[in-house]
1. Hey, how many Å between the Cα centroid of the range 1-36 and the Cα centroid of the range 64-89?
2. What order do you get for 24, 32, 4 when you list them from fewest to most C-beta neighbours inside 10 Å?
3. Modelled label-to-label distance, residue 60 and residue 99, 7 Å Cα→beta-carbon offset: nm?
4. How large is log10 I(q)/I(0) at q = 0.11, 0.22 Å⁻¹ when the Debye formula is applied to the Cα atoms of the range 3-121, each weighted equally and without solvent?
5. Normalised by the residues of the chain, what does the relative contact order come to in percent, with Cα pairs under 8 Å and at least six apart?
């Protein structure tokens, strides 16, 4: 197991989920938008501090992800991105006080089980 690549993959996934969290924080601050009016507000939205920080997280995450997929098969690496869903539920529940219910917990457990199976049995190189 290449632990350095694993650490880079996990950090990339963490940054991606953090970017989503920051997008949500920024939009809570900015307010609601619709498809019809987003284009007129896009510049202002992008430069909302939390949203801009979210884009920075996504940018760094994408660059790090290039390192990962240069070393790992895509069919092995990409399913790990599902960890971002689990992290998003964590961020939403603990920092945004969103509801946590049995379905979110069960779904998160299934994701973690699936990633574990893929990680243990699915890597061929």
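The numbers here are math on the coordinates, done by the rules we state, and not lab data. As the structure is a computational prediction, the values presented were derived from the model and not from experiment. Positions of Cβ are generated from backbone atoms using ideal geometry, with glycine treated the same way; all protein chains shown enter the neighbour counts.
1. Cα centroid to Cα centroid, the span is 13 Å.
2. Lowest to highest Cβ neighbour count: 32, 4, 24.
3. Going from the residue 60 label point to the residue 99 one covers 3.4 nm.
4. Each listed q corresponds, in turn, to -0.45, -1.19.
5. Dividing the mean separation by the residue count of the chain yields 33 percent.
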